[in-house]
Amino acid sequence: MVTRRYGREWALQLLVQFDLYTPESLEAAIAAFWEQQLQLEVEELAEDRREAREIFTSTDPKTRDELATIRKFAEERVRGVWSERAEIDAQIEPFLENWSLYRLGTIERNVLRLGAWELVRSDIPPAIVINESVDLAKFFSSTKAGRFVNGILDRLARHVRSHAGREAKEETFTP
């Protein structure tokens with residue numbers, strides 16, 4: 001089963017790659033990433049590795065449909081975060097307390113960007129966004145990174161909710 005978790009992992013991998021080496025063409029870089037994922041899977045399957053999964057090479061129509069959906073999910077996040085990263089960074093910075101975004105590790109910075117984008121731009125509940133972001137930070141970095149990401153995104157989520165609540169009240173009570 002191809003899940004949103006895979007989509008977030010792939011989105012994070014792309015964002016980290018772009019953060020380290022800015023692509024000349026976003027679309028070409030995304031296409032190259034998917035080709036690389038296919039090649040890695042083919043190699044893992046050929047070597048009969050334990051972690052090998054048949055996702056990109058599957059002929060099962062259900063798996064192919066799931067993959068298409070999750071690729072779209074991942075690409076939406078990558079394009080959104082990459083195109084709005086200056087605004088996202090500005091949203092995150094106030095919650096870092098004595099840190100700047102560029103002092104953070106590349107993984108942590110991009111997990112925060114991805115989580116912040118989802119908090120603001122998606123209809124996914126904040127608790128799920130934060131949990132998924134923490135899991136990504138723990139998986140790709142460390143337990144400490146997970147706690148750090150949790151604290152920042154939790155404060156950002158509360159800020160976003162309170163700001164949205166104020167806007168709703170202003171719209172409701174505007175004379």
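The values are calculated or read from the model by the stated rules, or taken from the named source; none is laboratory data. Predicted model only: the values in this text are computed from it and were never measured. Cβ placement follows ideal geometry from the backbone for every residue including glycine, while neighbour counts extend to all protein chains displayed.
Here are a few things to note about the model shown:
- With respect to being surrounded by fewer than 16 Cβ atoms within 10 Å (Cβ to Cβ), part of a helix (DSSP H, G or I), out of contact with any Asp or Glu (no Cβ under 6 Å at 6 or more places or on another chain) and at pLDDT 95 or above, ALA127 fits the description.
- Counting residues in the stretch 141-160 that are of a type in the set (Val, Ile, Thr), over 16 Å from ILE107 (Cα atoms) and part of a helix (DSSP H, G or I) gives one or more.
- Options GLU66, GLU51: the member that is among the acidic types (Asp, Glu), exposed (fewer than 12 other Cβ atoms within 10 Å of the Cβ) and more than 13 Å from the chain's Cα centre (by Cα): GLU51
- ARG161 vs. criteria surrounded by fewer than 18 Cβ atoms within 10 Å (Cβ to Cβ), modelled with pLDDT of 95 or more and not assigned by TED's automatic domain parsing to the domain that holds PHE73: no
Yes or no, residue by residue, for (1) over 16 Å from GLY7 (Cβ atoms); (2) touching a residue at least 40 places away in the same chain (Cβ under 8 Å); (3) among the basic types (Lys, Arg):
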| position | (1), (2), (3) |
| --- | --- |
| PHE18 | yes, yes, no |
| SER25 | yes, no, no |
| ALA29 | yes, no, no |
| GLN39 | yes, no, no |
| LEU45 | yes, no, no |
| PHE56 | no, no, no |
| ARG71 | no, yes, yes |
| VAL81 | no, yes, no |
| GLU87 | yes, no, no |
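- ALA137 surrounded by 13 or more Cβ atoms within 10 Å (Cβ to Cβ), more than 25 Å from GLN17 (Cβ to Cβ) and either modelled with pLDDT of 95 or more or not polar (S, T, N, Q) (or both): no
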